Amino acid sequence: MKLFYSATSPYVRKVVACAITREIDSQIERIPSGAASAEALAQANPLGKVPTLLTPDGVALFDSPVICEYLDTVGDAPPLFPDHGAHRWLALKYQALGDGIMDAAVMTRGEVLRPAEEARQKNMDHQKLAITRSLTLLEAHLPSSGTPDIGAISVACALGYLDFRFADDGWRGQFPRLLQWFESISALPGLATTIPPG
Ligand SMILES: N[C@@H](CCC(=O)N[C@@H](CS)C(=O)NCC(=O)O)C(=O)O
């Protein structure tokens with residue numbers, strides 16, 4: 001398998017964390033995103049986004065939820081996507097929540113890099129509010145803390161991205177239960193070995 005990759009993308013991190021957790025990381029060759037691979041990435045994924053995975057059959061898969069579910073079919077480690085019942089829907093819901101926080105934080109990061117204007121500030125406030133609301137929900141309803149699933153990994157990657165890009169916003173001081181959960185799951189090798197470069 002080949003993965004169009006960026007070390008700073010929380011979505012890529014989620015995919016790699018799943019692969020490491022399921023011990024299939026060595027089967028994935030990483031293709032760094034950038035000028036040299038831009039044309040190949042655009043051919044594989046018209047959205048031009050990472051992560052994009054090429055399967056051994058040459059099928060291009062995106063986005064990260066699809067890739068993570070595909071990876072669950074590779075190898076024989078326990079699945080990260082529970083196959084039925086309440087546990088499945090809870091895991092998928094937390095995946096959506098984690099991805100949604102990433103969407104809001106990545107968009108906010110894009111705005112930070114643009115010239116200041118009123119619309120920019122309004123959009124940033126809007127996205128930050130979405131993040132705060134999500135963290136408030138997570139503080140009240142922590143993701144699973146036993147065997148890790150896709151929901152827990154997604155939320156942990158989203159929180160790691162907040163630490164990486166928005167440490168000054170101080171989520172750690174405002175959501176103590178979530179912080180405790182995060183610190184405990186962060187020992188998982190798939191997360192401990194994929195912390196974004198400082
Ligand atoms: N929903 C997608 C989001 C992927 C995404 O937005 N990736 C960003 C990097 S963090 C990207 O490739 N941006 C480049 C672009 O939008 O052109 C997923 O879950 O994979």
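Within segment 139-192, being within 11 Å of residue 17 (Cβ to Cβ), in a helix (DSSP H, G or I) and of a type outside the set (A, V, I, L, M, F, W, C) holds for 154, 160, 189, 190.
Residue under question is residue 98, and the condition is that it be within 16 Å of the ligand (Cβ to nearest atom) and not aliphatic (A, V, I, L, M); does it hold? It is true that residue 98 is within 16 Å of the ligand (Cβ to nearest atom) and not aliphatic (A, V, I, L, M).
If you go through segment 112-138 and keep only what is surrounded by fewer than 18 Cβ atoms within 10 Å (Cβ to Cβ) and either β-branched (Val, Ile, Thr) or within 18 Å of residue 9 (Cβ to Cβ) (or both), you end up with 112, 113, 132, 136.
Residue pairs whose Cβ atoms lie under 6 Å apart, sitting 6 or more positions apart in sequence or on different chains, and linking a residue in segment 26-40 that is in the same structural domain as residue 13 (by TED's automatic domain parsing) and free of Cβ contacts under 8 Å to residues at least 60 places away in the same chain to a partner that is among the polar types (S, T, N, Q) and surrounded by 12 or more Cβ atoms within 10 Å (Cβ to Cβ), are 31/37; 33/6.
Cβ-Cβ distances below 6 Å connect the following pairs, each with a first residue in segment 45-58 that is modelled with pLDDT of 95 or more and hydroxyl-bearing (Ser, Thr, Tyr), a second residue that is within 11 Å of the ligand (Cβ to nearest atom) and assigned to a strand (DSSP E or B), and a separation of six or more residues or different chains: 52/4. In segment 62-89, which residues are polar (S, T, N, Q) and in a loop (DSSP other than H, G, I, E, B)? Passing the criteria: only 73. Away from the ligand (no atom under 14 Å from the Cβ), outside the structural domain of residue 149 (by TED's automatic domain parsing) and either among the aliphatic types (A, V, I, L, M) or not in a loop (DSSP other than H, G, I, E, B) (or both): is that true of residue 7 in this structure? It is false that residue 7 is away from the ligand (no atom under 14 Å from the Cβ), outside the structural domain of residue 149 (by TED's automatic domain parsing) and either among the aliphatic types (A, V, I, L, M) or not in a loop (DSSP other than H, G, I, E, B) (or both). Residues considered: 88, 13. Of these, the only one that is among the basic types (Lys, Arg) and farther than 19 Å from residue 193 by Cα is 88.
Taken over segment 25-61, the criterion of being assigned to a loop (DSSP other than H, G, I, E, B) and crowded, with 17+ Cβ neighbours inside 10 Å is satisfied by 28, 33, 45, 49, 50, 51. Within segment 78-107, residues that are without any contact (Cβ under 8 Å) to a residue 24 or more places away in the chain have Cβ atoms under 7 Å from residues that are in a helix (DSSP H, G or I) and within 16 Å of the ligand (Cβ to nearest atom) in these pairs: 107/127, counting only partners at least 6 apart in sequence or on another chain. Look at (1) acidic (Asp, Glu); (2) in contact (Cβ under 8 Å) with a residue 12 or more places away in the chain; (3) closer than 15 Å to residue 150 by Cβ and you find that residue 23 fails only one, number (3).
The values are calculated or read from the model by the stated rules, or taken from the named source; none is laboratory data. Computed from a predicted structure; not experimentally measured. Counting neighbours? That spans all protein chains shown, and the Cβs are built from the backbone with ideal geometry, glycine included.
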